[in-house]
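Encoded as structure tokens, the structure appears first; notes follow it.
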């Protein structure tokens, strides 16, 4: 189905005039008359493009320093007029029908980005009033009026015009884009006003407003969701680019990413970012299965892999340093891997890894501290929000509550283990030695089960636990977990503390000469 209206008149009002000449020349070739506002008309006339200034058509000048120039009944009616139903009234008042409206608004967001210190009165001068009214009017009357807010759409439409035959589907598409444009524009203005509102200080400080409006754009479609029968796509924050995060990474090798790939990659990267020295974290099914901090990238990888080679198969590997050739060779020799993440990669190392064509390689750029403020979790017909767990380890806030205090090596291992256990699903127990994980029991419904799982995994792999550190993401509700740790040869335990049975737990640790640290902060992860 198409509209047979002949395209005679176009109204152009552009703040950004980048494509103005190109569009005007095409319209003139189609024998379409041009109408425009003062600034746009002046630009066209200076380039010898015939144009009728709107003030000449309405016989009303632009007033109030240009605040009022398009809000005239002859202009609005020319856009809103239904070509058959309103024909008589338009003729009575000498209203020219406007068939095409081409608009972009004052660059409000760009202005506030460059004028952060300016007074609000100067900022609001860049709030477009007439433009949005014209766009909404044209979009409302899409059957008779083409509304264009994007130059790519102009090219799409005018490259395909034949005998003024433009389908209603295309017109509706343009109207949809127009309403998206006005909605996004007004959202930026609203956010600025909320941010600068001084009437109620609580509104500015409130992390959890009464209404949430998310602003994400699609980065790409994914292979599938958590399971192959589920479709999936990846969305990222609109107009925000931060290096050192998965959402701004770029893929340099491998097949299309899946939902699980990205989820695991995010966990692996955020975990490995906790370390200053070369480190490697391997994640499988949402849990770290191996992690190590060492003197070099290759040593960190080898140690992380050895801590759980079975789970590492088909895992996601993250580094906080550049991948070199030796590390790339070692990865190829050791395991099958789904995804590799790093801030950068040596040219020859990339060539080596590309020999395994299916390895997905993500480059994230310079590692930076996570500045996320909110954490979201979707539930059925709802959304849970919480502050992001950006807690920083502060040794000064540790409570060393047992008779024996940890040695310096034990303390360093405890800090290492505490950084990793934060990313394991609760209930979680982690054993570590020499800044390398030995065994991780995660995702259990009781802490004793998590301890038993960690013990079993360590025994099955022939690890000697004697002298290792245990980390628990939450407090021990009973002393049984400490007793099992003692049986395994654990020398130091780091945990939040806070159980009603803390005294029993501490007494058990003292009895077994185990140093214990209370961090006074919990790391549940669900």
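The values are calculated or read from the model by the stated rules, or taken from the named source; none is laboratory data. Here the structure is a predicted model, which means the values were calculated and not measured. Here the Cβ is made from the backbone with ideal geometry for all residues, glycine too, and neighbour counts use every protein chain on show.
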Could you tell me which of the residues 432, 443 is in a strand (DSSP E or B) and either crowded, with 20+ Cβ neighbours inside 10 Å or assigned by TED's automatic domain parsing to the domain that holds residue 496 (or both)? 432
Here's a check for you: in segment 390-402, which residue that is surrounded by 13 or more Cβ atoms within 10 Å (Cβ to Cβ) and touching a strand residue (DSSP E or B) at 6+ places or on another chain (Cβ under 9 Å) is farthest from residue 491 (Cα to Cα)? 398
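Restrict the check to segment 292-305 and report whether at least one residue is part of a strand (DSSP E or B), within 25 Å of residue 461 (Cβ to Cβ) and touching a helix residue (DSSP H, G or I) at 6+ places or on another chain (Cβ under 7 Å). First the steps, then the outcome.
Residues of segment 292-305 that are part of a strand (DSSP E or B), as a first pass: 292-293.
This time we only want the ones that are within 25 Å of residue 461 (Cβ to Cβ), so: 292-293.
Of the ones still in play, those that are also touching a helix residue (DSSP H, G or I) at 6+ places or on another chain (Cβ under 7 Å) are 292-293.
Checking segment 292-305: at least one residue is part of a strand (DSSP E or B), within 25 Å of residue 461 (Cβ to Cβ) and touching a helix residue (DSSP H, G or I) at 6+ places or on another chain (Cβ under 7 Å).
Residues of segment 464-491 being in a loop (DSSP other than H, G, I, E, B) and in contact (Cβ under 8 Å) with a residue 40 or more places away in the chain, which ones? If you could, list the steps in order and put the result at the bottom.
Taking segment 464-491 and keeping what is in a loop (DSSP other than H, G, I, E, B), we get 464-468, 473-479, 489-491.
Across segment 464-491, the qualifying residues are 468, 473, 474, 475, 490, 491.
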Quick one: which residue in 47, 9, 59 is in contact (Cβ under 8 Å) with a residue 40 or more places away in the chain, farther than 19 Å from residue 129 by Cα and more than 42 Å from the chain's Cα centre (by Cα)? 9
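Per-residue answers, yes or no, for (1) in a loop (DSSP other than H, G, I, E, B); (2) at pLDDT below 95; (3) surrounded by fewer than 12 Cβ atoms within 10 Å (Cβ to Cβ):
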site	(1), (2), (3)
203	no, yes, no
210	yes, yes, yes
218	no, yes, yes
225	yes, yes, no
235	no, yes, no
263	no, no, no
267	no, no, no
If we ask which residues in segment 511-525 are exposed (fewer than 15 other Cβ atoms within 10 Å of the Cβ) and either modelled with pLDDT of 95 or more or not in a loop (DSSP other than H, G, I, E, B) (or both), their number turns out to be 2
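Scan segment 338-363 residue by residue and report those that are part of a loop (DSSP other than H, G, I, E, B) and modelled with pLDDT under 95. Don't jump to the end; show me each part of the working.
Applying the first criterion (part of a loop (DSSP other than H, G, I, E, B)) to segment 338-363 yields 343-344, 346, 355-359.
Residues satisfying the conditions are 346, 355, 356, 357, 358, 359.
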Does any residue of segment 321-332 turn out to be crowded, with 18+ Cβ neighbours inside 10 Å, in contact (Cβ under 8 Å) with a residue 40 or more places away in the chain and in contact with a strand residue (DSSP E or B) (Cβ under 6 Å, 6 or more places away or on another chain)? no
Hey, residue 247 hits all of (1) closer than 12 Å to residue 219 by Cα; (2) not in a helix (DSSP H, G or I) but one; which does it fall short on? (2)
Exactly one of (1) without any contact (Cβ under 8 Å) to a residue 40 or more places away in the chain; (2) surrounded by 12 or more Cβ atoms within 10 Å (Cβ to Cβ) is unmet by residue 315. Its number? (1)
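Collect the residues in segment 54-68 that are surrounded by 14 or more Cβ atoms within 10 Å (Cβ to Cβ) and more than 13 Å from residue 11 (Cα to Cα), keeping them in residue-number order. Reasoning before the result, please.
Initial filter on segment 54-68 (surrounded by 14 or more Cβ atoms within 10 Å (Cβ to Cβ)): 54-55, 57-58, 60, 62, 68.
Selection gives 58, 60, 62, 68.
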Applying the selection to segment 114-158, what residues are over 18 Å from residue 97 (Cα atoms), in contact with a strand residue (DSSP E or B) (Cβ under 7 Å, 6 or more places away or on another chain) and modelled with pLDDT of 85 or more? 149, 154
Looking at (1) crowded, with 22+ Cβ neighbours inside 10 Å; (2) more than 14 Å from residue 280 (Cβ to Cβ), which is the one condition that is false for residue 301? (2)
Specify the residue that is surrounded by the most Cβ atoms within 10 Å (Cβ to Cβ); the eligible residues are those in segment 123-145 that are part of a loop (DSSP other than H, G, I, E, B) and out of contact with any helix residue (DSSP H, G or I) (no Cβ under 8 Å at 6 or more places or on another chain). 144
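Let me confirm something: among 321, 327, which residue is in a helix (DSSP H, G or I) and either under 20 Å from residue 273 (Cα atoms) or assigned by TED's automatic domain parsing to the domain that holds residue 460 (or both)? Write out each step before concluding.
Details: 321 fails: in a helix (DSSP H, G or I).
Matching residue, one of 321, 327: 327.
Looking for whichever is crowded, with 17+ Cβ neighbours inside 10 Å, in contact with a strand residue (DSSP E or B) (Cβ under 7 Å, 6 or more places away or on another chain), within 26 Å of residue 188 (Cα to Cα) and in the same structural domain as residue 179 (by TED's automatic domain parsing) here; the options are 51, 101. Which one fits?
Working: 51 fails: within 26 Å of residue 188 (Cα to Cα).
That would be 101, the only listed residue that is crowded, with 17+ Cβ neighbours inside 10 Å, in contact with a strand residue (DSSP E or B) (Cβ under 7 Å, 6 or more places away or on another chain), within 26 Å of residue 188 (Cα to Cα) and in the same structural domain as residue 179 (by TED's automatic domain parsing).
Filter segment 250-261 down to the residues that are touching a strand residue (DSSP E or B) at 6+ places or on another chain (Cβ under 7 Å), in a loop (DSSP other than H, G, I, E, B) and on the phi < 0 side of the Ramachandran plot and list them by number. First the steps, then the outcome.
Restricting attention to segment 250-261, the residues satisfying the condition of being touching a strand residue (DSSP E or B) at 6+ places or on another chain (Cβ under 7 Å) are 250-255, 257, 261.
Cutting the leftovers down to in a loop (DSSP other than H, G, I, E, B) gives us 254-255, 257.
Residues satisfying the conditions are 255, 257.
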Answer with yes or no whether residue 498 is farther than 30 Å from residue 388 by Cβ and part of a loop (DSSP other than H, G, I, E, B). no
Got a number for residues in segment 486-497 being at pLDDT below 90 and under 40 Å from the mean Cα position of the chain (by Cα)? 0
The condition of being more than 27 Å from residue 524 (Cα to Cα), surrounded by fewer than 19 Cβ atoms within 10 Å (Cβ to Cβ) and touching a residue at least 40 places away in the same chain (Cβ under 8 Å) holds, among 354, 347, only for 354
